[in-house]
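Visitor: The following block contains the structure, expressed as structure tokens.
The values are calculated or read from the model by the stated rules, or taken from the named source; none is laboratory data. None of the values given here were measured: they were computed from a predicted structure. Ideal geometry is used to build each Cβ from the backbone, glycine not excepted, and the neighbour counts take in all protein chains shown.
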Amino acid sequence: MAKISVAKIVDGLGGKPNIVNATHCATRLRVTLKDKTKVDKEEIKALDGVLGLVEGATQTQIVIGPEVSSVYREFIELTGVSEEAPADENLDEEKVLKDDLKNSKGSIMTKFFDTVAQIFNPIVPSLAGCGFLSALVMIFMACGASMKDPTFANFVTIAMAVFTFLPFLLASSTAKVFKMNQYVALTICAAMMAPAWSTMIANGQSTSSILGIPFKVINYGGSVLPIVFAIILASYVEKYSDKFIKGPLKIILVPAITILVSTVVTLWTIGPASYWIGEQIAAGVNWLFANGGPIAGLVYGGIYSMMVILGIHHGMVPVLTQMISNQGFNLVSPTSGSANIGQAGAAFGIWFKSKDKKQKANAFSACIAACTGITEPVLYGVTVPSGKPFFFGCIGGAVGGGVAGLLGLKAYAMGGPSFLSFGMFMGGSNAFMNMGLVMVCFCVAFVVAAALTIVCWKPAK
């Protein structure tokens, strides 16, 4: 792949003065700008190594692929900005964010999914890392490992850490997105996860009260929605407390009021309600796949790549996380994995049939990336620009997903479903059988998409 000109990316974004801050995920350079109208979209898209450009509610996202981390480092060096610090010290970053949201042409749903992505993207490496370790646990258990072995038992403890203390990661990430003190947010999370609640539950106590108002005692370890909503509430309590409290006691009273009010209100209402909602959503998705069988897998496998393009696939992360936390598995990942591998198959078909050297090179590298669970390069850089191959990839994903739904295949850990992450599909009474059948579904998706592309697609002359 040709070296990406970071200087030209900066120019296409309107120059250094237009850049507020920057971060990146697995495949995208994510930049917050003062004025989005200064972006030269066509100039950026035309650059070698750039696979696409996506405008979110608050960020301009440049799709680069796995090389994004090195591009990001050069970008930071060239612009002088960082993930946290704005380029202009006199810039009111909060005002820019508000104006950006106000002027965004995106729908409410677009903004919602963009916010979900901003909350969950930073913790994905932790989820994926512990997901991989959890997959290794499944492999070791299938090979006869026992919890009586202290080494293995401690390994299990480490692998499950992120799911046990997930609310702390979510508290920090949500606080960052909603511009509140992260340490105050972590304190609220600690109050919600205090050992006293678990002790009450262990002793058979299901309810308690504050000021005579009863509430349901819940173990929030591994939960998703309660802590997110709690911190969103806390961000507003902190903001308004800071606005109205004056004088030297502000440094004490603002965090004290934020912690007390947010925690109590969450324990009374938000926590139990959102915990119930999370359980119902997870149960609903699980029911759909358990009872919809091949139809559910067929539909989801067919539309998942479109969800990735629209960015709404991020909305499934809390659902899958909740399902893993509640029941130890989900029925969705084998289907979404089939969709990913379907696009890889379409890219393989393009590589096989294309006569253009650059297109063949891009298709081959994107195919490999998609087989490892990273689909943005193949979508934005290969299959979507090629037209029909994208839909052939969707058909492959639908067929593979339909087979996965028919067989009721499961994933037992979080992670990007792919050939590389086979361990996340090992679990249950026959771990190797489940994993093997998932790999078969992936192969089916790949072959169907590749065959359709080779037979039905004609490269542009």
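Visitor: Among the helices (runs of 4 or more DSSP H) confined wholly to segment 129-227, which include 2 or more residues that are among the hydrophobic types (A, V, I, L, M, F, W, C) and farther than 22 Å from GLN322 by Cα?
Guide: Details: elements: 150-159, 161-164, 166-177, 182-192, 195-202.
Ranges flagged: 150-159, 195-202.
Visitor: May I ask you to verify whether ILE252 is assigned by TED's automatic domain parsing to the domain that holds CYS189, surrounded by fewer than 15 Cβ atoms within 10 Å (Cβ to Cβ) and without any contact (Cβ under 8 Å) to a residue 40 or more places away in the chain?
Guide: Working: assigned by TED's automatic domain parsing to the domain that holds CYS189: yes; surrounded by fewer than 15 Cβ atoms within 10 Å (Cβ to Cβ): yes; without any contact (Cβ under 8 Å) to a residue 40 or more places away in the chain: yes.
In short, yes.
Visitor: Which residues, taken from segment 358-412, are closer than 30 Å to GLY328 by Cβ and out of contact with any helix residue (DSSP H, G or I) (no Cβ under 8 Å at 6 or more places or on another chain)?
Guide: THR372, ILE374 - these are the residues of segment 358-412 that are closer than 30 Å to GLY328 by Cβ and out of contact with any helix residue (DSSP H, G or I) (no Cβ under 8 Å at 6 or more places or on another chain).
Residue-wise test of (1) surrounded by 24 or more Cβ atoms within 10 Å (Cβ to Cβ); (2) in the same structural domain as PHE229 (by TED's automatic domain parsing); (3) of a type in the set (Lys, Arg); (4) in a helix (DSSP H, G or I).
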residue: THR269; (1), (2), (3), (4): no, yes, no, yes
residue: ALA273; (1), (2), (3), (4): no, yes, no, yes
residue: TRP276; (1), (2), (3), (4): no, yes, no, yes
residue: GLY297; (1), (2), (3), (4): yes, no, no, yes
residue: MET306; (1), (2), (3), (4): no, no, no, yes
residue: VAL317; (1), (2), (3), (4): no, no, no, yes
residue: MET323; (1), (2), (3), (4): yes, no, no, yes
residue: ASN340; (1), (2), (3), (4): yes, no, no, yes
residue: ALA363; (1), (2), (3), (4): yes, no, no, yes
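Visitor: Applying the selection to segment 176-215, what residues are among the polar types (S, T, N, Q) and touching a Ser or Thr at 6+ places or on another chain (Cβ under 7 Å)?
Guide: Residues of segment 176-215 among the polar types (S, T, N, Q): 181-182, 187, 198-199, 203, 205-209.
Once the filter is applied, which keeps residues that are among the polar types (S, T, N, Q) and touching a Ser or Thr at 6+ places or on another chain (Cβ under 7 Å), segment 176-215 yields only GLN182.
Visitor: Now for a separate question. If TRP351 passes every condition in (1) more than 22 Å from SER429 (Cα to Cα); (2) surrounded by fewer than 24 Cβ atoms within 10 Å (Cβ to Cβ); (3) at pLDDT below 90 but one, which one does it miss?
Guide: The number of the failed condition is (3).
Visitor: Condition first: buried (at least 16 other Cβ atoms within 10 Å of the Cβ), within 20 Å of VAL184 (Cβ to Cβ) and free of Cβ contacts under 8 Å to residues at least 24 places away in the same chain. Can you find one or more residues in segment 233-241 that meet it?
Guide: Scanning segment 233-241, I find at least one residue that is buried (at least 16 other Cβ atoms within 10 Å of the Cβ), within 20 Å of VAL184 (Cβ to Cβ) and free of Cβ contacts under 8 Å to residues at least 24 places away in the same chain, so the answer is yes.
Visitor: Restricting attention to segment 421-453, and to residues there that are part of a helix (DSSP H, G or I) and of a type in the set (Gly, Ala, Ser), which single residue is farthest from THR335 (Cα to Cα)? Full working, then the answer.
Guide: The first filter runs over segment 421-453 and keeps only residues part of a helix (DSSP H, G or I), leaving 422-425, 431-453.
Filter once more, so that each one left must be of a type in the set (Gly, Ala, Ser): 423, 431, 436, 445, 449-451.
On the way: GLY423: 16, ALA431: 18, GLY436: 14, ALA445: 10, ALA449: 15, ALA450: 18, ALA451: 20 Å.
Filtering segment 421-453 for residues that are part of a helix (DSSP H, G or I) and of a type in the set (Gly, Ala, Ser), the one farthest from THR335 (Cα to Cα) comes out as ALA451.
Visitor: Quick one: is GLY416 at pLDDT below 80, part of a loop (DSSP other than H, G, I, E, B), under 16 Å from ALA366 (Cα atoms) and assigned by TED's automatic domain parsing to the domain that holds GLN322? Explain how you work it out, then say what you get.
Guide: Numbers: at pLDDT below 80: yes; part of a loop (DSSP other than H, G, I, E, B): yes; under 16 Å from ALA366 (Cα atoms): yes; assigned by TED's automatic domain parsing to the domain that holds GLN322: yes.
In short, yes.
Visitor: While we're looking at this one, here's another question. How do the strands (runs of 3 or more DSSP E) wholly within segment 3-60 filter down when requiring 3 or more residues that are among the aromatic types (Phe, Trp, Tyr), over 26 Å from the mean Cα position of the chain (by Cα) and assigned by TED's automatic domain parsing to the domain that holds PHE75: which remain?
Guide: Qualifying strands (runs of 3 or more DSSP E): none found.
Visitor: Now a separate question. Among SER429, SER421, which is the only one that is out of contact with any Phe, Trp or Tyr (no Cβ under 8 Å at 6 or more places or on another chain) and either within 24 Å of MET316 (Cα to Cα) or without any contact (Cβ under 8 Å) to a residue 60 or more places away in the chain (or both)? Break it down stepwise before answering.
Guide: Values: SER421 fails: out of contact with any Phe, Trp or Tyr (no Cβ under 8 Å at 6 or more places or on another chain).
Being out of contact with any Phe, Trp or Tyr (no Cβ under 8 Å at 6 or more places or on another chain) and either within 24 Å of MET316 (Cα to Cα) or without any contact (Cβ under 8 Å) to a residue 60 or more places away in the chain (or both) holds for just one of SER429, SER421, which is SER429.
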